[in-house]
Amino acid sequence: MNNFGQFKVKNHQNYVYHSYRKYHPVLCIYDAAIVYPDKNYKHTRDKRFAAHLFEYIVSGKGYIDCNGKRYTVAAGDCVYISKYCDVSYFADHDEPYTKLWFSADGALPGKLCEAMGFNDNLMICRKDLYGKFQRLLHILENDGFELERISKHLVGIMLAMFSDTTMGTNTYDSEEDTVSDTRRLKAYIDEVIYSAPTVGDIAKHFDICEATVIRHFKKEYSMTPNEYIKKQRLNVAEGLLRNSSYSVTNIAKLLNYCSQSYFSGEFKKQFGLYPTEYRDRLLQASERIKK
């Protein structure tokens, strides 16, 4: 079982695993931690304990000084830093980052890095790997190091990070792929609109972080997911008022509003009339057509 109690909280981060530098020739995970936002967070790697470093930026912004160059990282970025790099990293003063990270060494990460040409470089990419990082840290914290299990997760992260990337620069999935993924977000929202989904629900369904959901959705549709959900629920309500015999109370319940009065107030903001007034107008218009 994992034993890292004395390392649990240190330097603005929560250590979930520490191996006491026990080495395994195939793979060893030295440390794994969650860095919490703090403007004073800064670290310079000790070359005596160098290992391959993997990070996922959950929120905020930070900087990496590596081999004489400075790189900026932000929410949604994945970072790989070779064990051979001279590196310091620190949080932005105004938007300090939250990040998940772990350090690894051994033949497995070494050979994969070598095969993909990342022996002595820094790589930053924009990939939705929050769920993969989170699962790896969860296993280490709760079950400790199990070679076969951890190896599978590490390989999955490395293959996802290193595919179609450029060393030392921010790289992103193609614009076409991003648009396609964002449309999948929208389709999912439309599918579950009756349950009043939250950004957290969407992120969990697609196994990505909330910041990524918001960023991609707003870029494609010029509104946040919450703004779209609010608008779409009311559009569905308008359709039910027009085409069904459901009462206003039942429509509010069906669309998971906290109360009929809240639903009525939101409906008026979008359509200029309360639901009962809107339905009366529809009925009056229908009667005029019949005459």
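The values are calculated or read from the model by the stated rules, or taken from the named source; none is laboratory data. As the structure is a prediction and not an experimental result, all values here were calculated from the model. Here the Cβ positions follow ideal geometry from the backbone for every residue, glycine too, while neighbour counts run over all protein chains shown. The area values use the complete protein model at the heavy-atom level, side chains included, leaving out ligands, DNA and RNA. Shrake-Rupley method; radii C 1.70, N 1.55, O 1.52, S 1.80 Å.
Annotations
- Index of the failed condition, G76 passing every other in (1) modelled with pLDDT of 90 or more; (2) among the small types (G, A, S); (3) at positive phi: (1)
- Just so you know, in region 104-160 the residues that are in contact with a Ser or Thr (Cβ under 8 Å, 6 or more places away or on another chain) and of a type in the set (D, E) include one that is surrounded by the most Cβ atoms within 10 Å (Cβ to Cβ), and it is D128.
- Selection within region 191-214 - of a type in the set (D, E, K, R) and open to solvent by less than 70 Å² (accessible area, probe 1.4 Å): D207
- Options Y278, Y246; residue that is assigned to a helix (DSSP H, G or I) and more than 30 Å from A74 (Cβ to Cβ): Y278
- Criterion: at pLDDT 95 or above, among the aromatic types (F, W, Y) and surrounded by fewer than 12 Cβ atoms within 10 Å (Cβ to Cβ) - qualifying residue of Y274, Y262: Y262
- Residues of region 50-103 classified as of a type in the set (V, I, T), more than 23 Å from I214 (Cβ to Cβ) and crowded, with 23+ Cβ neighbours inside 10 Å, total: 1
- Test for L241: is it farther than 30 Å from I57 by Cα and surrounded by 15 or more Cβ atoms within 10 Å (Cβ to Cβ): yes
- Residue that is at pLDDT 85 or above and touching a Gly at 6+ places or on another chain (Cβ under 8 Å), where the choices are I150, I124, I139: I124
- I124 satisfies every condition listed in (1) part of a strand (DSSP E or B); (2) over 18 Å from I29 (Cα atoms); (3) over 17 Å from the mean Cα position of the chain (by Cα) except (3).
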